[in-house]
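Engineer: Following this message is one structure expressed as structure tokens.
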Amino acid sequence: MEVKKMNGQDWLALEITVLSAESLKKPSSSVLWSPAPLRTYIAFSSSASTAEHRTRVDNTGAGNPTWHDTVRVPVDPAFLHGKEESDAAVHVSVLSKRALAGPARLGWCRISPADVIDGLHAPASRRHLSYALRVGSYGGRGHGVVHLEARLVGPMVEKPARELSQPKRSAREPEPEPWWGPVVVGIPVTARGAPVTVGGCGPRGELVLWRGY
């Protein structure tokens, strides 16, 4: 999916490659479901776009689907500031397609700007991320983990973040000291059967995160 310039302005998007999910379960309210397996897909939304961004439906993986699909989700320029709590975050919904009703929501998570802009890597560098799913509007603990890769793309990536939020400085004014964003620390979840320690990486080098929103 290609993101184009709008009204002559530079654009910014989060390019997300959805790798897989594991240990997904039907919601507790699904007692009336048919015994058919889960048919899962992932949908993305952001404050910068009203369009639908989603993966294909995995009809065979049941609770452990794989996709390797890539989508580009437009994000607000505030994403470049790398803040932990931000309206610029990308919302991720894990859904299961049903034949006689709308999709069932299996869980959700959120890609925070701080997960991608950590002060240690270039914004355009690809990050390996894993998220434990949440359920409900209050973010209770759900079932399953989703694995993905993410990076920022677009002309705005080349601009320093401070250029977007600060006025131009005169030649005589000293440059401000560089500021590095907060480093994300994960709370352990189990990734593919291997325990993950706080602040550590999963078996493939991905960062495993547990967040409460």
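Engineer: Compute the signed sum of charges (Lys and Arg +1, Asp and Glu -1) over the other residues within less than 15 Å, Cβ to Cβ, of Ala36.
Structural biologist: On the way: positive: Lys25, Lys26, Arg39, Lys97, Arg98; negative: Asp58.
Neighbourhood net charge equals +4.
Engineer: Full extension from Ala51 to Val157: what is 0.36 nm times the residue separation minus their Cα-Cα distance, to one decimal in nm? Before the final figure, lay out the partial values.
Structural biologist: Numbers: separation 106, 0.36 × 106 = 38.16 nm, distance 2.18 nm.
Taking Ala51 through Val157 to full extension adds about 36.0 nm, to one decimal.
Every read-out reported here was derived from the displayed coordinates using simple, explicitly stated rules and does not represent laboratory data. None of the values given here were measured: they were computed from a predicted structure. When we count neighbours, we look across all protein chains shown, and the Cβ atoms used for this are built from the backbone with ideal geometry, even at glycine.
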